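Contents: one structure, followed by commentary.
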Amino acid sequence: MTFFFEVLIGGLLSGVMYSLVALGFVLIYKASGVFNFAQGALVFMAALTFVGLTEMGLGFAMALAVTLVVMIAGALLTERLVLRKLVNQPQITLFMATIGLTFFIEGLTQLVWGSQPRGLDLGIPDQPIEWVLDRAGIVVSQFELFAAGVAAVMVAALALFFQKTRIGRGLRAVADDHQAAQSIGIPLHLIWAYVWAAAGFVALVAGLLWGARNGVQFALTFTALKALPVLILGGFESVPGAIIGGLIIGAVEKLAEVYVGPMVGGGIEGWVAYVIALLFLLVRPEGLFGEKHIDRV
Amino acid sequence: MMHRTKLMAWLAAATLGAASTAAFAQAEQFVPLLSYRVGAYAAGGSGIFGGYIDYMNYINMKEGGVNGVKLSWEECETEYNNSRGVECYERLKKRGSGATLVQPLSTGITYSLIDRVATDKIPMVTLGYGRTDAADGRVFPWVFPMITTYWSQASAMIKYIARKEGGEDKLKGKKIVHLYHDSAYGKEPIAVFQEYQKRLGVEVTSIAVPHPGNEQQSQWLQIRQIRPDYVILWGWGVMNTVALKTAQRNGYPSGKILGVWWAGSEEDVIPAGDASKGYTTAVFNVAGANLPLVQDVKRVVYAKGKGNMEDATRVGSVYHVRGLVHGIITVEAIRKAQERFGKGKVMTAEQVRWGLENLNLDEARLKQLNAAGMMPPLKMSCADHEGSGLVKFQTWDGNQWKVVTPDWIAPDKQMIRGMIEESAAKYAKEKNITPRDCSKES
């Protein structure tokens, strides 16, 4: 039974890491109704830019600040050069634009900083907490607990932002209908710029944590693939859904890999999360916390 | 900005590639390079192809080419993708004087090209990767898994563990986990481990990690439950770093992890930080900026601004030196072919295949090449396309790799060769291939 709980806790903590990436997707989706395929590339760009700047001699705080500026500048440019020209276009067009952005960001980042994997040390040991290990015999990583704390703070901040601020409310209106939102005076361009900047910030936090956990390398772009089933399950528009979805996906994929994997040759966690997501799509297409859309026919 | 300058130059070169290839001088020996410098496996690709190009430049600049025949090459980006690898091969195979040989640096691309190279009669060299049973040259005349194969490596790893434990008889009941990249590459040694399970009574459990391997918590929890004496890490790219980090997260000591040679570069351990200290891997080339050949390449090539590595600190790294080894094999095969078919002439692919099958890089020759101790001695033949099987082991001390086995460790050659011949015979039967009679080859 101890081992079961160890797997469960390990899964839940991994799930929090997926949620961190999923939050960035939720932000963009809430503002534009578009699945931002480039979110994984933004995570990669943020982490590599931060590490590249520290290698140039910048201190932690300065590198963090400059990276944030770079991410916000990138967001503003995206809004000005890509999104502004696609207002009122079908969502599939915006989605295709984010695919293009993905490859551009990946290529540009490697062009500037190179493709070498780098280490990133945030000063938080990624080792088992001995107290828990000694008393319960369960491995719980200090680093992953820290990441869970960061995720909790971000969810609370984003929930407040969407519910309590004028920009947050405007953002939800924009997500419902671009034209209607514009007609009542909501500044669409500004809203999009804000939200892409916020997604850049979320990508920076996710990039730092994932980079410290796995090393800063191109594979950070694949974190997007981990976030996708989380979004399907939790709902594309829900910040709490990203967290709950992450926890469920993390726990189920780890339990499946450990208890079912050995019976079928192992290596199933990569796709078992998508099977769960698919089942949810069939039963509840909007996800656990997504908004149910009723369209007039 | 260094990256930007280099990449702009590279892009310009790629753009002008078509024009420059049209202008190939007749006396140039063309080598196609199916490289990868972007994507998830860029660190390996850029290091190895960088070293490969450095060595060809070195021969051109130091000796004016191979007996006066200049080497030329063109890169094609595969991104480690099978279909792109095939596309690059098809694009480059007839460039210039025709492809001398091809080194795809990917087990997946190797499998995709096996039939094509046989049809096109172009030798394919796969150093330390690819299809193991292709070491039987009677069945696979165009494929050369040279120096050492995955099966030889698996055997050498078991021998190394036995040495640490005090003999093969001490392995009975020992638990080993084979943590592998869930691909043809990762599964390749399973047959060898099963054989050792039967022979020595060692318990091997194979655990798969899905591509790309950036999440391994469940695998390491299984390992924690098994409590193995050793973990053999059969990874590639990000999987290696994540394995080391996740092992630390789960309290498994790095000193008990033994990596494959594709898990033993600086790029695998540096991003893992402290988690990699004490970690050991097999290796078929040692690394070091002070190796005589590396020093000479620096003097001849880098001092004149012709070096291919954009990051000078990587010159002499594991991947870079492996690239130099790729270059040595290519150049020495051409040189050997010229001895028979005419010095100072451009060799055809078929002639280079003869050169490969008759290559003998003994200690004396390696010394002449400034590569003594850097790579194992090698003697090829019509039947034996591996030629060596020897490896060393190196441990990461937190700053650099330290060789911990000064001597080269041999696999159980008799056992491995028997398995190779059995597997190759099965392949020959499936494909209706009549094996060559090597006694009739000259």
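Read-outs throughout are calculated quantities, based only on the coordinates presented, and are distinct from any laboratory measurement. Keep in mind the model is a prediction, meaning the values are calculated, not measured. All Cβ positions, glycine included, derive from the backbone under ideal geometry; neighbour counts span all protein chains shown.
Just a few scattered comments:
- Dividing the summed -39500 (n - 2.57) terms of all DSSP H runs of n ≥ 4 by the residue count of chain B sets its mean residue ellipticity at 222 nm at -13500 deg cm²/dmol.
- Out-of-range pairs (alpha-carbon distance over 25 Å; input B:367/B:402; B:392/B:431; B:159/B:431; B:172/B:413; A:254/B:159; B:298/B:367): B:392/B:431; B:159/B:431; A:254/B:159
- Applying the Karplus relation 6.51 cos²θ - 1.76 cosθ + 1.60 with θ = phi - 60° to segment A:235-241 yields 3J(HN,Hα) values of x, 5, 9, 10, 5, x, x Hz, where x marks Gly and Pro.
- Mean sequence separation of contacting Cα pairs (under 8 Å, at least six apart), scaled by the length of segment A:2-219, corresponds to a relative contact order of 41 percent.
- Global geometry of chain A, whether rounded, prolate or oblate, following the gyration tensor of its Cα atoms and the 1.5 cut on a/c: oblate
- Shielding by other protein chains, A:48-55, mean Cβ within 10 Å: 0
- All Cα-Cα distances of chain B, cut into 20 Å bins from zero to the largest, leave 26, 59, 14, 0 percent in each bin in turn.
- Whole-Å distance, taken between Cα centres, linking segment B:85-129 and segment B:24-79: 14
- By the count of neighbouring beta-carbon atoms within 10 Å, fewest first, B:152, B:206, B:276 end up ordered B:206, B:276, B:152.
- Longest to shortest principal axis, alpha-carbon extents of segment B:164-276, angstrom: 37, 28, 25
- Straightening the chain between residue A:124 and residue A:145 buys 6.5 nm, computed as 0.36 nm per residue apart minus the Cα-Cα spacing.
- Inter-part distance where segment B:327-403 and segment A:188-202 are each reduced to a Cα centre, Å: 57
- Modelled FRET efficiency - R0 41 Å, residue B:295 with residue B:91, Cβ distances, 0.05 increments: 0.70
- From its DSSP helices (H runs of at least four residues, each -39,500 (n - 2.57)), chain A gives a residue-normalised ellipticity at 222 nm of -24500 deg cm²/dmol.
- Ranking of A:231, A:279 by count of other Cβ atoms within 10 Å, fewest first: A:279, A:231
- Cβ-defined net charge surrounding residue B:408, 12 Å radius [Lys, Arg +1; Asp, Glu -1]: 0
- Relative contact order computed over segment B:265-327 (Cα-Cα under 8 Å; 6+ residues apart), in percent: 43
- For residue B:345, the lysines whose Cα comes closer than 22 Å to its Cα, not counting residues fewer than 8 places off in the same chain, are B:62, B:70, B:93, B:94, B:121, B:336.
- Residue B:204 long-range amide H proximity, modeled H, under 5 Å: B:176
- Residues A:176, B:182, sorted so that the one with the fewest Cβ neighbours within 10 Å comes first: A:176, B:182
- Order by protection proxy (mean Cβ within 10 Å, highest first), peptides B:112-124, A:76-88: B:112-124, A:76-88
- Residue B:303 sits among other residues whose Cβ lies under 15 Å from its own Cβ, and their net charge, with Lys and Arg +1 and Asp and Glu -1, is +3.
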